[in-house]
Amino acid sequence: MMRLPPFAYRAARTVDEAVALLARHGPDALPASGGTDLYANMKQRLFTPKVVVGLRPIAELRFITFDPQRGLELGALATLTDVGRSHAVRTHYSGLATAAGSVSTPQLRNMGTIGGNICVDTRCNYYNQNLDWRKALGYCMKKDGDTCRVAPSSPKCVAVNSSDTAPALLALDATVHLAGPSGTRAVRMADFYRNDGMFAWAKQAGEIVTKIVLPPPVPNTRSAYVKLRLRNSFDFPVVGVAAALTLDGDGVCRAARLVVNAVTSCPVDVAGASVLVGTRLEADALEAAADAAFAVAKPLDNTSATIPYRKRMVRVYARRALEAAARGDLG
Ligand SMILES: Cc1cc2nc3c(=O)[nH]c(=O)nc-3n(C[C@H](O)[C@H](O)[C@H](O)COP(=O)(O)OP(=O)(O)OC[C@H]3O[C@@H](n4cnc5c(N)ncnc54)[C@H](O)[C@@H]3O)c2cc1C
Ligand code: SF4
């Protein structure tokens, strides 16, 4: 059995207290929400913070509100169960409800939060291993070593972003709100991620996510999320694809968004999905958008399944995501 390394737990009761605790302990501290990712990684000695700042007692961050004019606001501590079951999310942002409901297991969704999910650590077969395994191999650039085992000539880590909700939130144009030592700020989801497995977020030291805001629902917009995983009962995505489509009264597509995740260090917004605009989502138009997703996806040998299989599945799952959005499916 793997045990947690020793650490001090400091519970924060307000956002200000959390920010002050993180500032006081600097690089020795990490925040924990549900802890479902952080504590597993601490057991593997991927993180050994001296202080864990517990955000769970911060009641002001556990909420979901919806207003047709103002949109949806998700407190960072809203659990994935709450997000997946929310009537407003299921009715107006169905791709997000499906994505939240597809994260790991019911128990982990009861603990895991939306704020923690968008900050889930990037993953790699050479990294998500116990200390003895990594030591025997000689470590890697992301933790304790200096070379990337996947791409030895790469100057940066290429571990993948495996969040299920990140692509759904990006497809729905979400904004992330942060609080830190320099005050509060808002960052568009599109600017929140970096294509770097070690420095994957535009978060500054000591900043925490406080809420995620989605714009008011656009009439006739439907969204969907589909996910390929090795075990359908629960697993991280091998490929995750979110789609959002706006159709007019005649069934003509007015806006299209397609976001692919789990193939690079950040969710990939597929610009080529715009080929759908002006079409009635005929088969050849859907195929062209799926081809665009295939073209931009660049999986490497760092997660389950082979590179050619994952790349091929991007096209298949992009097409499925678009078809599900067009039908208005709710997973
Ligand atoms: C067996 C198993 C299967 C899993 N399967 C999936 C899956 O299919 N899909 C998926 O997406 N995830 C999966 N996960 C990962 C994890 O359970 C989820 O991503 C979960 O949503 C993380 O949320 P949390 O609140 O528990 O985050 P935590 O573990 O508390 O935190 C995760 C990271 O974010 C940081 N953090 C937490 N809250 C904040 C905040 N408010 N502001 C800034 N930083 C913060 C922490 O320091 C940590 O680095 C799995 C985990 C396990 C153990
Ligand atoms: S991608 Fe390379 S540097 Fe990053 S975790 Fe994997 S082996 Fe390590």
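The values are calculated or read from the model by the stated rules, or taken from the named source; none is laboratory data. This structure is a prediction, so every number in the text was calculated from the model and none was measured. Positions of Cβ are generated from backbone atoms using ideal geometry, with glycine treated the same way; all protein chains shown enter the neighbour counts. SASA here: full protein model, heavy atoms, side chains in, ligands and nucleic acids out. Shrake-Rupley method; radii C 1.70, N 1.55, O 1.52, S 1.80 Å.
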Might you work out the accessible area of K311 for me, using a 1.4 Å probe with all protein chains in place, and round it to the nearest 10 Å²? 50 Å²
What is the Cα centroid distance between region 163-179 and region 46-100, reported in whole angstrom? 11 Å
Mean separation of Cα contacts under 8 Å (at least 6 apart) over the residue count of the chain, i.e. the relative contact order in percent, is 16 percent
Mind listing the phi-derived Karplus ³J(HN,Hα) values for region 55-63, rounded to whole Hz, using 6.51, -1.76 and 1.60 with θ = phi - 60°, and x for any glycine or proline? 8, 3, x, 7, 4, 5, 9, 10, 7
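Find, to one decimal place in angstroms, the Kirkwood hydrodynamic radius of the chain, where the mean of 1/r is taken over every pair of different Cα atoms and then inverted.
Averaging 1/r across every pair of different Cα atoms and inverting gives 20.2 Å.
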Any idea what the relative contact order of region 134-208 is, in percent, if you count C-alpha pairs under 8 Å spaced at least 6 apart? 24 percent
Relative contact order (%) - criterion: Cα under 8 Å, at least six apart; region: region 145-287: 25 percent
If each part is reduced to its alpha-carbon centroid, region 296-331 and region 250-291 end up apart, in Å, by 12 Å
Between their Cα atoms, which of K43/K142; K156/K311; K43/K227; K43/K298; K135/K203 are more than 19 Å away from each other? K156/K311; K43/K227; K43/K298; K135/K203
Quick one: grab the alpha carbon gyration tensor of region 187-231, order the square roots of its eigenvalues as a ≥ b ≥ c, and give me rounded if a/c is under 1.5, else prolate or oblate depending on whether a/b is larger than b/c. oblate
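Averaged across orientations, what area in nm² does the convex hull of the alpha carbons in region 178-331 project?
Reported value for the Cα convex hull: 10.3 nm².
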All other residues with a Cβ under 11 Å from the Cβ of P5 taken together, and with Lys, Arg as +1 and Asp, Glu as -1, what is their net charge? +4
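Enter the accessible area per residue of the chain (Å², integer; probe 1.4 Å; all protein chains in place).
Averaged over the residues of the chain, the accessible area is 44 Å².
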Straight-line reach only, C-alpha to C-alpha below 20 angstrom: list the aspartates and glutamates that K211 could link to, leaving out same-chain residues fewer than 8 apart. D16, E17, D37, E60, D67, E73, D82, D121, D164, D173, D191
Roughly how many percent of the accessible protein surface of region 32-108 is carbon and sulfur, given a 1.4 Å probe and a whole-percent answer? 51 percent
Quick check on the chain: helices-only [θ] at 222 nm, where DSSP H runs of length 4 and up contribute -39,500 (n - 2.57) each and the sum goes over total residues. Nearest 500, please. -8500 deg cm²/dmol
